[in-house]
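Note sheet for the following structure.
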Amino acid sequence: MPGAASLGGSRVLLRKLREIMEAGGEAQQRLDRLVTMIASTMVADVCSIYLTRGAVHELFATQGLKAEAVHRTRLRLGEGLVGLVAETAQPLNIANAPQHERFSYRPETGEDPFSSFLGVPIVRSERTFGVLVVQNRVSRTYGEDEVEALQTIAMVLAEMVASGAFGHLSGIADVEARASRPEILKGKVFAEGLAIGVVLLHEPHAPLGRVIADDPVKEEARLEAALAKVRAWAVEMMEGDQSRISGASREVIETYLSMATDPAWELKLKNGVRAGLSAEAAVERVRGEHRAKFNAVRDPKLRDLIHDFEDLDNRLLRTLAGNDELGAGAPADAILIARELGPAELLDYGAERLRGIALEGGSSTSHAAIVARALGVPMVGVLQGLLSRVEAGDPVILDGESGEVRLRPQSEVVSAYRHRIEMRSARAAALARLRDKPAISQDGLRITLLLNAGLALDAHHLDEAGAEGIGLFRTEFQFMVSETLPRLESQTELYRDVLDAAGERPVTFRTLDLGGDKVLPYMQAEREENPALGWRAIRIGLDRPALLRYQLRALITAAAGRRLRVMFPLVATVDEFDAARVLVDRELAWARDRGREAPKTVEVGIMVEAPSIACSVPDLAGRADFLSIGTNDLMQYFFAADRGNQRVSERYDILNPAALRFLQRVCEDARAASLPLSICGEAAGRPLEALALLAIGFRRLSMPASGVGAVKQLILAADIGEAREAIEAMMRSSTSSIRFELVSFAEKNGLIL
Ligand code: PEP
Ligand code: MG
């Protein structure tokens, strides 16, 4: 906790810094005065500024080291203690610098006699472009207040360099304090599409020019008002729909609320403004500390807590900007840039506010990605270094075909993309014309194309895409996007709305598939070593049947007098299915006993996602009414590769001969057992994969809305019998994927992929 001394210290430093800036003069002179002033105020023997130019950190100004070293001492990126500070973007505070393993001795600086070293990064908008250092002869560790004071100065310095306050410092032109050149980052496509727009930062920054405050009293009042709003929001969340919240989830919300009212957090923020920072800059500094702590701790519970604090920091920054609501005040052509994004946050922004989304991390099977596809918003992820390369308002092109994000593109590139966007719309219009055509292949096979959905807003895709029903309705989405556990009535309402929208078309509801990568913020889950292999989906449903029975009750009520299709996720054994079916029967009896109208028909099915059940299909004859293969999970278990882990999720291909043989066998077993079978992972919606699946025997494909048109076009042009012969030959090879050969087959046969 910073003491009064640090506050005073920071305030004096900031005041003096302003005086230096206002006094004018050459940029180099001002930098020189700055280091002299910092050294004397902080009673340091040395104060130096290193700025990053290209691939080196160059000494730009110093008080205490030899003057001739200025602009001569250049450390390679990562070299020395300065390199370490820049690399970690964190302060380094050590009593005996020369003994540190990363110490790099430069004789021209004459730094031999200085033992203690405190270096802080000069960062703006996640971009580290320099290091501010103080050193002392005596060996000592600097106090927390001194570290804070130096960080405050570094923050203001960063802002000044970025906003051009130093003018054209000779040779400073290539110090990239502010990303300004065109850049291309390559990531992975999470949701297809192209977009041209401007950057909207999910984690906002203090706007340029608003780092130092003119009036600390006014600034503190602004901060207090914003804090009050954030607290009111937390209280509202606490009081909203309490009746269904279990003890544990209430606890989580209470923690959130207590964090929002945490006096230590508040004091840290206030100390920032009292030291002369703007409210935004004070929050940003505290957020920086939270982030540094988050990166440093390993304990998962503690990490969660720090992460929640970061969330609060972000909310506070948005509130200060006058945007309490996510995306409020966003430009009309916003492209959202975030480190990670939850599905609820994405829905809060809403499709109408976003042209596209680019993430530094993420994974294509994450729920935010699934929601983006449902909303039809293009999304690209795994873009390393993205956040340090953009500023709010930067022009950007999001290429959700190649996975590229082009920052600050030149005008010719923008024109080329405009042209591509027009072409895409023309293609979409052509596919839309196929909407009412049945999907019959050249050799006369009738294929059923269904939709994967999970939100009420998906229902309109049924007509738009021309799908024949919903093959997978992911009921957990409603749970994931709510702040609290949805009540029975709101579950019933959603299911009824979806059935209404579908009309005569069948809807297959999958019961809650929680656990694994699907975590509810309001239900405390036990941490598991291997969540994907852990207590999830039907396992939770059977062990804690209350939630599942509630859901079944809602489904039965919603389907009164209509057709009800329910399936259970991640069933691994026949027994599990039998037990789940008993719950359905019990709920039907419950409704009957109360004289309620029952569904006209009830079909109960299984999601084939565990290899064990995939190998038990013959035993399911007469027990289950239908099966649906979830390739996303089935393939993760088949290849033993976590679908949510970027390192391995795209390492294996479903077009691997062993995987195809495995799927083919399930298909044949289901046919022999007279069990209707569909396939509903993401793969079914990609034309090339769909071709392979049709060739090995599948006739019902369920997919995201965006895939229906293209898959139908492929079916209309394909001779599936011919494809079958070709693929069976390819499947005999030991290659890791037949993708390449299959593409040439498709091209030879004039199939559009
Ligand atoms: C699957 O596993 O293939 C599937 C469709 O379910 P989810 O992606 O929701 O796990
Ligand atoms: Mg699944």
Under 5 Å between amide H atoms, partner at least 5 residues away or on a different chain: which partners does residue 193 have, H built in plane at 1.01 Å? 400, 401
For segment 452-503 and segment 55-125, what is the separation of their C-alpha centers, rounded to whole Å? 58
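Suppose a student asked you for the relative contact order of segment 480-601, using Cα pairs under 8 Å spaced at least 6 residues apart; what percent would you report? Don't skip to the answer; put the middle values down first.
Working: 145 pairs, mean separation 37.5, N = 122.
Reported relative contact order: 31 percent.
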Students often forget the sequence filter, so: which lysines lie under 17 Å Cα-Cα from residue 293 once same-chain residues fewer than 8 apart are removed? 268, 301
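Output the relative contact order of segment 445-748, whole-number percent, from Cα pairs under 8 angstrom with separation of 6+ residues. Spell out each step's value before the answer.
Numbers: 538 pairs, mean separation 53.6, N = 304.
Worked out over segment 445-748, it gives 18 percent.
P(r) tail for segment 445-748, what percent of Cα pairs lie past 26 Å? Walk me through the numbers before you get to the answer.
Details: 20623 of 46056 pairs.
That tail contains 45 percent of the Cα-Cα pairs.
In what sequence, highest mean first, do 627-638, 24-35 appear when ranked by Cβ atoms within 10 angstrom?
Values: 627-638: 23.1, 24-35: 17.7.
For the peptides 627-638, 24-35, the packing ranking is 627-638, 24-35.
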Using the beta-carbon distance between residue 748 and residue 640 and R0 = 30 Å, what value does 1/(1 + (r/R0)^6) give for FRET efficiency, to the nearest 0.05? 0.30
Cα→Cβ-extended label distance, 7 Å offset, between residue 456 and residue 612, nm: 3.8
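Taking the highest mean first, how do the peptides 99-107, 434-442 order by number of other beta carbon atoms within 10 angstrom per residue? Each step should come with its number before you reach the end.
Values: 99-107: 12.3, 434-442: 15.0.
Most protected by this proxy first, the peptides run 434-442, 99-107.
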According to the Kirkwood expression over distinct Cα-Cα pairs, how big is the hydrodynamic radius of the chain, in Å? 28.9
Once both labels are modelled 7 Å past Cα along the beta-carbon direction, what's the residue 717-residue 221 spacing in nm? 6.7
For the chain, calculate the relative contact order in percent as a whole number, restricting contacts to Cα pairs under 8 Å that are 6 or more residues apart. 10
Counting only DSSP beta bridges with both residues in the chain, tell me the antiparallel percent, nearest 5. 55
Theoretical ellipticity at 222 nm over the chain - DSSP helices of four or more residues, -39500 (n - 2.57) apiece, nearest 500: -14000 deg cm²/dmol
If I fit a long axis through the Cα atoms of helix 574-593 and take the longest principal axis of the Cα atoms of the chain, what angle between them do I get, 0 to 90°, rounded to 10? 80
Mind listing the long-range amide H neighbours of residue 470? Cut-off is under 5 Å, sequence gap 5 or more, other chains count too, H placed in the peptide plane at 1.01 Å from N. 451, 507, 508
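Quote the charge dipole size of the chain about the Cα centre in Debye, to the nearest 20; the model charges only the Cβ of Lys and Arg (+1) and of Asp and Glu (-1). Present the calculation step by step, with values, prior to reporting the outcome.
Details: 91 positive and 104 negative charges, 149 e Å.
For this selection, approximately 720 debye.
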How big is the antiparallel share of DSSP beta bridges in segment 445-748, given as a percent to the nearest 5? 5
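Which order, highest average first, do 684-694, 380-390, 454-464 follow once you tally other Cβ atoms within 10 Å for each residue and take the mean per peptide? Could you put the intermediate results ahead of the total?
Values: 684-694: 24.1, 380-390: 21.7, 454-464: 18.3.
Per-residue mean Cβ counts within 10 Å order the peptides as 684-694, 380-390, 454-464.
Which length gain, in nm to one decimal place, applies between residue 739 and residue 543 when the Cα-Cα distance is subtracted from 0.36 nm times their residue separation?
Numbers: separation 196, 0.36 × 196 = 70.56 nm, distance 4.14 nm.
The span from residue 739 to residue 543 would gain 66.4 nm if fully extended.
Every number in this text was worked out from the coordinates using simple rules, so none of it is lab data. All figures in this text were calculated on a predicted structure; none of them were measured in a lab. Counting neighbours? That spans all protein chains shown, and the Cβs are built from the backbone with ideal geometry, glycine included.
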